[in-house]
Amino acid sequence: MDTVLITGAGSGLGKELALQYAAVGNKVVLVGRSSDKLLEVNEMINKSGGDATCYAVDVSNITKVEEVISNVLNKHSVSFLINNAGVGHFGSLSSLSNLHIEEMVRSNILGTIGMTKALLPHLLTLKHAKVMNIISTAGLKGKVNESVYVASKFAIRGFTESLVKELEGSTVSVTAVYMGGMNTPFWDNAKTHIKEKSRLRSPEEIAAVIINEYHGQPEIFI
Ligand SMILES: NC(=O)c1ccc[n+]([C@@H]2O[C@H](COP(=O)([O-])OP(=O)(O)OC[C@H]3O[C@@H](n4cnc5c(N)ncnc54)[C@H](OP(=O)(O)O)[C@@H]3O)[C@@H](O)[C@H]2O)c1
């Protein structure tokens with residue numbers, strides 16, 4: 001069994017991955033920006049007999065991430081990192097605010113890179129360890145009104161593919177996950193871009209596919 005650290009675990013796919021990994025006996029360490037959401041998931045897991053703890057941190061702040069990971073590692077030997085936290089803002093490039101552009105670049109790119117860098121030295125001391133980066137089909141091809149979001153996901157695709165090569169022969173396996181749209185709070189501020197999010201696949205279903213189909217391979221397409 002693993003100790004799984006999941007970023008963005010307060011809602012959507014991260015929450016489902018946490019519930020489902022905990023339900024099959026893994027310890028879960030929940031990380032995200034909003035403590036209220038994390039505490040709710042934490043309580044759901046612990047009340048149903050699972051083992052969860054949570055830490056609130058903005059993953060786009062690399063220095064804070066290093067501090068939090070050092071605290072986490074004092075208590076939990078994390079063996080599986082899932083970089084899932086992410087944000088999306090949509091529309092033509094000129095319509096995007098600089099704040100939203102920065103948020104996507106910082107959360108999606110720096111968040112994943114900083115979290116991985118902070119945990120990797122520890123993961124490399126273990127017999128087997130895993131890093132999984134939740135990307136999107138936005139990491140595979142360009143899309144209208146998604147330029148910066150797509151750019152952030154292409155960056156993580158490049159980061160992941162390079163780490164797979166860098167860590168070949170080590171005890172750490174690295175995986176990129178590419179999935180289409182999911183019915184999560186992700187789309188709540190993008191109602192003109194996705195009008196009917198209820199038509200998308202549920203995060204429960206995608207989490208179950210990830211858990212069932214993941215065997216340390218470098219890529220999963222859902
Ligand atoms: N929904 C889709 O259609 C879809 C499709 C493909 C891929 N994805 C990807 O799947 C991942 C999960 O998204 P989701 O659909 O489950 O959306 P979600 O429900 O909005 O979940 C994203 C989570 O990430 C957290 N987060 C965002 N920025 C953060 C930061 N800087 N620091 C810490 N936590 C942060 C959010 O916490 P707060 O709410 O507290 O900020 C939220 O709990 C994302 O990487 C997304 O790009 C989504």
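Only the coordinates and a few stated rules stand behind these numbers; no lab work does. Predicted model only: the values in this text are computed from it and were never measured. Here the Cβ positions follow ideal geometry from the backbone for every residue, glycine too, while neighbour counts run over all protein chains shown.
What are the aspartates and glutamates whose alpha-carbon lies under 20 Å from the alpha-carbon of K191, with same-chain residues fewer than 8 places away excluded?
Excluding near neighbours in sequence, the set is E103, E146.
With springs only between Cα atoms under 10 Å apart, run a GNM on the chain and tell me which of V59, V131, V209 wobbles the most.
V209
Round to the nearest 0.05 the FRET efficiency obtained for K127 and L200 when R0 = 30 Å and r is the Cβ-Cβ distance.
Details: r = 38 Å, r/R0 = 1.27.
FRET efficiency, K127 to L200: 0.20.
Apply the Karplus curve 6.51 cos²θ - 1.76 cosθ + 1.60, θ = phi - 60°, to the phi angles in the range 38-51 and return the couplings in whole Hz, x for Gly and Pro.
Each residue of the range 38-51 in turn: 5, 5, 5, 5, 4, 5, 4, 5, 5, 5, 9, x, x, 10 Hz.
Go through the range 109-114 residue by residue and turn each phi into a ³J(HN,Hα) via Karplus (6.51, -1.76, 1.60, θ = phi - 60°); whole Hz please, and just put x for glycine and proline.
Going residue by residue, I get 8, 4, x, 6, 5, x Hz, with x marking Gly and Pro.
Using the Karplus equation 6.51 cos²θ - 1.76 cosθ + 1.60 (θ = phi - 60°), what ³J(HN,Hα) coupling, rounded to whole Hz, does each residue of the range 183-194 give in order, writing x for Gly and Pro?
Coupling constants for the range 183-194: 7, 9, x, 3, 8, 4, 9, 9, 5, 7, 7, 10 Hz.
Say the dipole of the chain comes from +1 at the beta carbon of Lys and Arg and -1 at that of Asp and Glu; which of H76, M179, S35 then lies farthest toward its positive end?
M179
Extending each Cα 7 Å along its Cβ direction at S34 and N145, get the distance between those two points in nm, one decimal.
Result: 2.3 nm between the two label points.
Beyond 20 Å between alpha-carbons counts as too far, so tell me which of K117/K153; K15/K195; K117/K141; K47/K127 fall in that bin.
Beyond 20 Å: K15/K195; K117/K141; K47/K127.
Between E103, E205, E16, where does the largest GNM mean-square fluctuation fall for the chain, given springs only between Cα atoms within less than 10 Å?
Highest fluctuation among the options: E205.
Test of understanding: in a Gaussian network model of the chain with alpha carbons linked when under 10 Å, which of I194, I134, I113 would top the mean-square fluctuation ranking?
Residue with maximal mean-square fluctuation among I194, I134, I113: I194.
Would you mind checking which residues have amide H under 5 Å from H76's amide H? H placed 1.01 Å from N; only 5 or more apart, or other chain.
none
Long-range amide H contacts for E219: which residues qualify at under 5 Å (H placed 1.01 Å from N, peptide plane, sequence gap of 5 or more or a different chain)?
A176
With a 10 Å radius around each residue's Cβ, average the other Cβ atoms per peptide and rank 164-171, 50-57, highest first.
Those peptides, ordered most packed to least, come out 50-57, 164-171.
Please report the relative contact order for the chain, taking Cα pairs under 8 Å with a sequence separation of at least 6, and give it as a percent rounded to a whole number.
20 percent.
Compute the acute angle (0 to 90°) between the alpha-carbon long axis of helix 62-75 and the principal axis of greatest extent of the alpha-carbon atoms of the chain; round to the nearest 10°.
30
Counting other Cβ atoms within 10 Å, which trypsin sites (Lys or Arg not before Pro) in the range 120-149 have at most 11 and lie in a DSSP loop?
Working: sites: K127, K130, K141, K143; in loops: K127, K141, K143.
Hits after loop and neighbour filter: K127, K141.
Determine, for D58, D188, the number of other Cβ atoms within 10 Å of each Cβ, and report the residues in order from fewest to most. Mind dumping the intermediate values first?
On the way: D58 15, D188 10.
If I rank by nearby Cβ atoms, fewest first, I get D188, D58.
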